[in-house]
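J.: Before we start, here is the structure in question, set down as structure tokens.
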Amino acid sequence: MNMKKYLMTGIAALAMGGTFTSCGPDMDSYGGNIEDYVKQSYEQKFIERFGEPAPTQTWGFGSSTVAGARGTTRAISVNGDSYDKFPSTSDIAGNFPTAIPENADEVSQLETKYKGTTIQGQWGPVTMWDLYAIYSNLITEGYNLKITQAGTTELGGNYQNVVWDNAQGKNVVHPYNVYVDVDGDVTIKRVGATHFNLYILRGNVTLESDYGEQAGLISVAAGATLNDYRSSIAANQGISLYNRGTVNARNAEKYDIGNFSKVYNEGKFNVTGALTYSPGDANDSYFMNLGDDAELTAPSMTLNSTGNFFNDGKVTIAGETSVTQARIYWVNAGHYTTGTMTFSAKNATFYNYCQLIVTGNAHMYDGEFNLMNNSYTEAATAEFDNFIVNMGSNSGINIKGTTNWAAQGDGTYQGFKVFEGASGSYVRLGGKATVASHKKTLSISSGITYYIPELEIIKNGSPVTEEYLLSINDGDYPVLELNGTEADDLTVTPNTNSCGATWTIGGDEIETIRVIAEDLNVGEGKTDFDFNDVVFDVIWNKTQGTVSIELLADGAEFTMYIGGTAAGVGNRMTVNEMFSEANGVTIPKSVYPNTAAGAHYAYKTYKFDLNSDEWSGTDIGSIARSIYVRVMKSGQLVTLEAPVGKAAGKIAVGDDYDWCDERQDITDKYGNKFKEYVGGQHTYNTWYK
């Protein structure tokens, strides 16, 4: 359940909100049906901006909050959070050619075609009598070769195409291109330190253990397979590996992807030995598991030095995932399962946006772990020592068994706390929590609902009694600083087809969805679609059969209402009046509460229950659709609707949606994602992620 409570003085809030002016003129005179005019004008402007809605577009009221297919070319970002540490993915598509260039020479025919021929070299005419001469004089950077025959192929002719560059002060690779298109098996051998860009369009390609470390790139197309028996893949100049097919890393000891490696996996990536990053303070390396079809499996993964990891697909690590040094980024926006997990890098650049499942023990030492909005983290057991878990709204962590909490220095925070402005987070410590007797060994901030069924405090190796705790004051206390909301019972069910989990407090099952709406003013001179004219959460208590509303933002120039029945608004307050009551001060209509940039929770939100005749439906989407949202236009109430396949005045989104600032167009905040959603490219209501 969403339980946001935000505080701000009325005077300060009014000062912040008062910078906005009205969005556009009212429609004072119109002789026809006002409601028809308003809706037709709005629909025309909507279609001009975003195109015709897909015929099946339900505007989120008929779909679940689940992630759909993600684009394959994008920057590394999640929910608007950019991670510039990672290289751009904008060049992925360009590294999957669909055909061999017409000017490519067959590798097996090089000697037959060029031996004994003379070409104009850098210092004059050169006659090429062997493969070394052919590679050194003819097969220069950008030259195209091809392999279209099954069997074993040798490349390089002992020529090393790595040369010293005085301007750069280092050795530089000048790779040629090799294209493989074979209906069968191919084994490639490198003769000498030759470097090239390997494009596997088709075939089952093997690189044996003595193939050596390579610079350039390797590209594995969909349907193709690379069997890599090496223990380390990158030469000192680095390598990029692009995969949409299958990569089988078959070295039994390890598969080292450090030393300036960049792995872009959009297919299947199966590792037999340990997946590791080689040490080196400046050798930044990256593994990016990208998209719903991306799958990585390995017995273990260790991020050494500057090895960085991003996932928004599926990862299965049978043994340990270990992150042991500073400056490492570990970002999970997909489904990640591991046997054990060790975070001990003395940094705070570990992020979970979706689901992390640790089937064994989680070791949390010297650092911080960030659980972003609507994420879920689970472990069988856990150990904490000098560690903080930061939590976003509706995020949760479930330690199913025992936890151990080590003593910290005075004033050192350890435990769980919400990000500024976040709330509605969950902590479940299902087994015994053993806490060392020292100040603030275990802290839980406000904004978190927690469940700890058994807690034991240890002093000098032995449990202390409750009477002992009450009788002493020796500077060690308080051992516990629990400012959250304690639950008598807290259960959780991880979502199976999406991120996050469903948390149930005291046996009640709660579902929440967010509604964003326009006041239909766009067609009357207003040019921005900010969908912040009213923003509210619909909270459905399935157990009790009740529905409540939490009003979050009011960016409307016109008077708006939430609730009521077909007969009218009844005794419901206006949206503006709700904010005034919640904040204990009259808020002028020219102020748009919680729509200022960086201040979406500056004003206290307003929560109220709907009467049973104010809603209907059997799922959260249909319930949210049934709730009346109205705007006053020239003295007449106009109902905001979301007709299937037509322009929508209200839209349902996930309850982690961050709405637009006042006068901020939705395309300025979320780029082309909304237009794609309108046109039916995304069928889920978390299209903004």
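The values are calculated or read from the model by the stated rules, or taken from the named source; none is laboratory data. In this text the structure is predicted, and so the values were computed from the model without any measurement. Glycine also receives a Cβ, built like all others from the backbone with ideal geometry; neighbour counts cover every protein chain displayed. Accessible surface is based on the protein model in full, side chains and every heavy atom, while ligands, DNA and RNA are left aside. Shrake-Rupley method; radii C 1.70, N 1.55, O 1.52, S 1.80 Å.
Results for (1) in contact with a strand residue (DSSP E or B) (Cβ under 9 Å, 6 or more places away or on another chain); (2) of a type in the set (Phe, Trp, Tyr); (3) more than 28 Å from Tyr677 (Cβ to Cβ), shown as yes or no for each residue.
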| position | (1), (2), (3) |
| --- | --- |
| Val585 | no, no, yes |
| Asn594 | yes, no, no |
| Ser612 | yes, no, yes |
| Gly635 | no, no, yes |
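J.: Is one or more of the residues making up segment 550-560 among the aromatic types (Phe, Trp, Tyr), open to solvent by 20 Å² or more (accessible area, probe 1.4 Å) and in contact with a strand residue (DSSP E or B) (Cβ under 6 Å, 6 or more places away or on another chain)?
T.: no
J.: Looking only at segment 343-356, filter to residues that are crowded, with 19+ Cβ neighbours inside 10 Å and over 25 Å from Ile513 (Cβ atoms); which one of those is farthest from the chain's Cα centre (by Cα)? Before you say what the answer is, go through the steps one by one.
T.: Keep residues of segment 343-356 that are crowded, with 19+ Cβ neighbours inside 10 Å, which gives 343, 345, 349-356.
Right, trim to over 25 Å from Ile513 (Cβ atoms) and you get 343, 345, 349-350.
Working: Phe343: 19, Ala345: 22, Thr349: 14, Phe350: 12 Å.
Step by step, filter segment 343-356, then rank; the result is Ala345.
J.: Tell me the residue from Ala652, Ala597, Ala648, Ala642 that is touching a residue at least 24 places away in the same chain (Cβ under 8 Å), open to solvent by 40 Å² or more (accessible area, probe 1.4 Å) and among the small types (Gly, Ala, Ser), please.
T.: Values: Ala652 fails: open to solvent by 40 Å² or more (accessible area, probe 1.4 Å); Ala648 fails: open to solvent by 40 Å² or more (accessible area, probe 1.4 Å); Ala642 fails: open to solvent by 40 Å² or more (accessible area, probe 1.4 Å).
Going through Ala652, Ala597, Ala648, Ala642 in turn, the sole match is Ala597.
J.: Right, something else. In segment 301-317, which residue that is over 17 Å from Cys354 (Cα atoms) and touching a strand residue (DSSP E or B) at 6+ places or on another chain (Cβ under 7 Å) is modelled with the highest pLDDT?
T.: In the first step, residues of segment 301-317 are kept if they are over 17 Å from Cys354 (Cα atoms); the result is 301-308.
From what's left, touching a strand residue (DSSP E or B) at 6+ places or on another chain (Cβ under 7 Å): 301-304, 306-308.
Working: Met301: 95, Thr302: 91, Leu303: 87, Asn304: 76, Thr306: 77, Gly307: 85, Asn308: 91.
Checked segment 301-317; the qualifying residue modelled with the highest pLDDT is Met301.
J.: Specify the residue that is farthest from the chain's Cα centre (by Cα); the eligible residues are those in segment 239-273 that are closer than 23 Å to His195 by Cβ, outside any strand (DSSP E or B) and free of Cβ contacts under 8 Å to residues at least 40 places away in the same chain.
T.: Arg250
J.: Scan Ile147, Ile200, Ile100, Ile139 and give me the residue that is farther than 30 Å from Glu266 by Cα and at pLDDT 90 or above.
T.: On the way: Ile147 fails: farther than 30 Å from Glu266 by Cα; Ile200 fails: farther than 30 Å from Glu266 by Cα; Ile100 fails: farther than 30 Å from Glu266 by Cα.
Checking each option against the conditions leaves just Ile139.
J.: Looking at Glu213, Glu266, Glu320, can you tell me which residue is open to solvent by 40 Å² or more (accessible area, probe 1.4 Å), modelled with pLDDT of 95 or more and of a type in the set (D, E, K, R)? Steps first, answer last, please.
T.: Working: Glu213 fails: modelled with pLDDT of 95 or more; Glu266 fails: open to solvent by 40 Å² or more (accessible area, probe 1.4 Å).
Step by step, each of Glu213, Glu266, Glu320 is checked, and only Glu320 is open to solvent by 40 Å² or more (accessible area, probe 1.4 Å), modelled with pLDDT of 95 or more and of a type in the set (D, E, K, R).
J.: Taking the stated definitions as given, is Gly360 part of a loop (DSSP other than H, G, I, E, B) and either under 30 Å from Asp292 (Cβ atoms) or small (Gly, Ala, Ser) (or both)? Steps first, please.
T.: Values: part of a loop (DSSP other than H, G, I, E, B): no; either under 30 Å from Asp292 (Cβ atoms) or small (Gly, Ala, Ser) (or both): yes.
So Gly360 fails the test.
J.: While we're here: Counting only residues that are within 16 Å of Thr206 (Cβ to Cβ) and either in contact with a His (Cβ under 7 Å, 6 or more places away or on another chain) or open to solvent by less than 10 Å² (accessible area, probe 1.4 Å) (or both), how many does segment 228-243 have?
T.: Residues that pass the stated criteria total 5.
J.: Now a separate question. Which count do you get for residues in segment 289-329 that are part of a loop (DSSP other than H, G, I, E, B) and not hydroxyl-bearing (Ser, Thr, Tyr)? First the steps, then the outcome.
T.: Going residue by residue through segment 289-329, those that are part of a loop (DSSP other than H, G, I, E, B) are 290-294, 299-300, 304-306, 312-313, 324-329.
In the following step, the residues that additionally are not hydroxyl-bearing (Ser, Thr, Tyr) were identified as 290-294, 299, 304, 312-313, 325-328.
Residues in segment 289-329 being part of a loop (DSSP other than H, G, I, E, B) and not hydroxyl-bearing (Ser, Thr, Tyr): 13 in total.
J.: Can Ala624 be described as within 32 Å of the chain's Cα centre (by Cα), closer than 29 Å to Gly392 by Cα and in a helix (DSSP H, G or I)? Give the steps one after another, and end with the answer.
T.: Values: within 32 Å of the chain's Cα centre (by Cα): yes; closer than 29 Å to Gly392 by Cα: yes; in a helix (DSSP H, G or I): yes.
Criteria met by Ala624.
J.: Here's a follow-up. Touching a residue at least 12 places away in the same chain (Cβ under 8 Å), touching a helix residue (DSSP H, G or I) at 6+ places or on another chain (Cβ under 7 Å) and surrounded by 23 or more Cβ atoms within 10 Å (Cβ to Cβ): is that true of Ser285 in this structure?
T.: Numbers: touching a residue at least 12 places away in the same chain (Cβ under 8 Å): yes; touching a helix residue (DSSP H, G or I) at 6+ places or on another chain (Cβ under 7 Å): no; surrounded by 23 or more Cβ atoms within 10 Å (Cβ to Cβ): yes.
It is false that Ser285 is touching a residue at least 12 places away in the same chain (Cβ under 8 Å), touching a helix residue (DSSP H, G or I) at 6+ places or on another chain (Cβ under 7 Å) and surrounded by 23 or more Cβ atoms within 10 Å (Cβ to Cβ).
J.: Sort out which residues of segment 227-238 are part of a strand (DSSP E or B) and aliphatic (A, V, I, L, M), and write them in order of number.
T.: From segment 227-238, those part of a strand (DSSP E or B) are 227-228, 232, 234-238; that's our starting set.
Answer for segment 227-238, where residues must be part of a strand (DSSP E or B) and aliphatic (A, V, I, L, M): Ala234, Ala235.
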